[in-house]
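The values are calculated or read from the model by the stated rules, or taken from the named source; none is laboratory data. Note that this is a predicted model, so its numbers are computed, not measured. When we count neighbours, we look across all protein chains shown, and the Cβ atoms used for this are built from the backbone with ideal geometry, even at glycine. Side chains included, ligands, DNA and RNA excluded: accessible areas come from the protein's heavy atoms. Shrake-Rupley method; radii C 1.70, N 1.55, O 1.52, S 1.80 Å.
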Amino acid sequence: MGTLTGVASTWAMDDECDEQMLERLLLLQDTAQGLEALHSNHVVHADMNARNVLVSSCSTSEIAMCAKVADLGLARCLAHHATHRTTNSCGTMSHMSPE
């Protein structure tokens, strides 16, 4: 079905209905669960944005679609007790802090 960016572009922001809000919340919940799975295995995505979340049809979902975290090309493993990792080349330029 495309990326979360593409799916979100179809949502009407001015007159949002309950169905759109449910879609948004459930897709974001799927995304959060994907990130939780990565983090529980000591992996940091390093390039998380809506273009890196794929939306697929799913017959078992209440909204008939689900979200999957994708593009792990910049993902990094953390040491077992580490809380962060500093790098110079991670992320999408438009989503990085200026420093």
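Numbers below:
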{"read-out": "Test set (1) surrounded by fewer than 11 Cβ atoms within 10 Å (Cβ to Cβ); (2) of a type in the set (Ser, Thr, Tyr); (3) not in a loop (DSSP other than H, G, I, E, B) - SER59 fails condition number", "value": "(3)"}
{"read-out": "Evaluation of LEU27 against (1) assigned to a helix (DSSP H, G or I); (2) out of contact with any strand residue (DSSP E or B) (no Cβ under 8 Å at 6 or more places or on another chain); (3) more than 24 Å from LEU78 (Cα to Cα) (one fails), failing number", "value": "(2)"}
{"read-out": "Yes/no for VAL53 being surrounded by 13 or more Cβ atoms within 10 Å (Cβ to Cβ) and either closer than 27 Å to ARG76 by Cα or polar (S, T, N, Q) (or both)", "value": "yes"}
{"read-out": "Scope the stretch 1-42; condition in contact with a helix residue (DSSP H, G or I) (Cβ under 8 Å, 6 or more places away or on another chain), hydrophobic (A, V, I, L, M, F, W, C) and either within 14 Å of SER61 (Cα to Cα) or touching a residue at least 12 places away in the same chain (Cβ under 8 Å) (or both); matching residues", "value": "MET1, LEU4, VAL7, ALA8, TRP11, LEU27"}
{"read-out": "Matching residues, the stretch 10-33, being touching a Leu at 6+ places or on another chain (Cβ under 9 Å) and open to solvent by 100 Å² or more (accessible area, probe 1.4 Å)", "value": "none"}
{"read-out": "Hits in the stretch 1-54 - residues which are in contact with a Lys or Arg (Cβ under 8 Å, 6 or more places away or on another chain) and among the aliphatic types (A, V, I, L, M)", "value": "LEU4, ALA8, VAL43, VAL44, ALA46, VAL53, LEU54"}
{"read-out": "Selection count, the stretch 34-43, where residues are open to solvent by less than 70 Å² (accessible area, probe 1.4 Å) and either assigned to a loop (DSSP other than H, G, I, E, B) or touching a Cys at 6+ places or on another chain (Cβ under 8 Å) (or both)", "value": "2"}
